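The values are calculated or read from the model by the stated rules, or taken from the named source; none is laboratory data. Every value quoted in this text rests on a predicted model; they were computed, and no experiment measured them. Cβ sites come from the backbone with ideal geometry, for glycine too, and all protein chains shown count toward neighbours. Only protein heavy atoms, including side chains, enter the accessible area calculation; ligands, DNA and RNA are left aside. Shrake-Rupley method; radii C 1.70, N 1.55, O 1.52, S 1.80 Å.
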Amino acid sequence: MTANVNGQLVKIPRHVAIIVDGNGRWAKERGLTRMQGHDAGFKNLRKLTEYIHSLGIEVISYYVFSTENFKRSAEEVDHLMDIFVKLCRHELKTFMKNNIRVIFSGRDEPLPAKVIAARNELAIKTANNTGGIVNFCLNYGGRAEIIDAAKKLAADKDADLDNLTEQDFAKYLYHDLPDVDLMIRTSGELRLSNFLLWQNSYAEFYFPKTKFPDFHEADFDQALVEYTLRDRRFGGIKEDK
Ligand code: IPE
Ligand code: IPE
Ligand code: MG
């Protein structure tokens, strides 16, 4: 699928994954606290999500909290947990209006009960929406997801291990989503930090220097322009090359 953005014809990926990064440094540059940086980042995330879905992109995965992020100060972790609760409650209306289904990837432990409750409520209320998916990776780790899938597989008495395919294994992941086509990490860091290890297998990577609170619609358009220029070979060889 293609679309016209700012007068340019671009390819529209099915699944875009974004590592929301740089909130802390964005705040520091402005003499603000890290908490204020997260407030700005999540305000931007709400706006950006509406735009991305308006382009016809089916799935957006956001990395909003890693299993490793619990290493941060209690003040910062608590603030982020409060942001997630507020986001789940306040954005329900917008997700319903836009027909977006919200899903979550990650472990329950050690999330606070209020986050688990708000998360589950949003997922249940939007479960029948059909206009696109937002996948929040919250308390998420790529290796944890693969281990959890392996455990589910081991517990499945009907699994046919001898003939197990990649498609079969993917059914045990938190969600069976299409592979990531475009993976964006803001703030100039050039690493995956344990994000969607299985699903990012053949993703195109894009690393803008812009920190997430400043990553707006025009920056996303630029990512699509770059994605359109990529030659995706999936291990094969193009006949015309
Ligand atoms: C947001 O950015 C990441 C989370 C929401 C956990 P950071 O908090 O990692 O910002 P930097 O990398 O310190 O700038
Ligand atoms: C990755 O960012 C996790 C999220 C954005 C949620 P981090 O800022 O935690 O990653 P590192 O520590 O720089 O690799
Ligand atoms: Mg960071």
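Figures for the structure shown
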| read-out | value |
| --- | --- |
| Considering residues of segment 13-35 that are in a loop (DSSP other than H, G, I, E, B) and more than 10 Å from ligand 2 (Cβ to nearest atom) only, the residue nearest to residue 205 (Cα to Cα) | 13 |
| Residues (out of contact with any helix residue (DSSP H, G or I) (no Cβ under 6 Å at 6 or more places or on another chain) and within 16 Å of ligand 3 (Cβ to nearest atom)) located in segment 34-64 | 39, 45, 62, 63, 64 |
| Out of 101, 143, 107, sole residue that is closer than 24 Å to residue 23 by Cα and among the basic types (Lys, Arg) | 107 |
| Residue satisfying all of: in segment 63-85; out of contact with any Leu (no Cβ under 8 Å at 6 or more places or on another chain), within 10 Å of ligand 2 (Cβ to nearest atom) and in a helix (DSSP H, G or I); nearest to residue 212 (Cα to Cα) among these | 80 |
| Selection from segment 94-106 of residues that are outside any helix (DSSP H, G or I) and touching a Ser or Thr at 6+ places or on another chain (Cβ under 7 Å) | 99, 100, 101, 102 |
| Subset of segment 188-228 (residues that are crowded, with 21+ Cβ neighbours inside 10 Å, within 16 Å of ligand 1 (Cβ to nearest atom), of a type outside the set (Lys, Arg) and over 14 Å from the mean Cα position of the chain (by Cα)) | 213, 215 |
| Qualifying residue in segment 129-136 (condition: open to solvent by less than 30 Å² (accessible area, probe 1.4 Å) and either in contact with a Pro (Cβ under 8 Å, 6 or more places away or on another chain) or farther than 30 Å from residue 110 by Cβ (or both)) | yes |
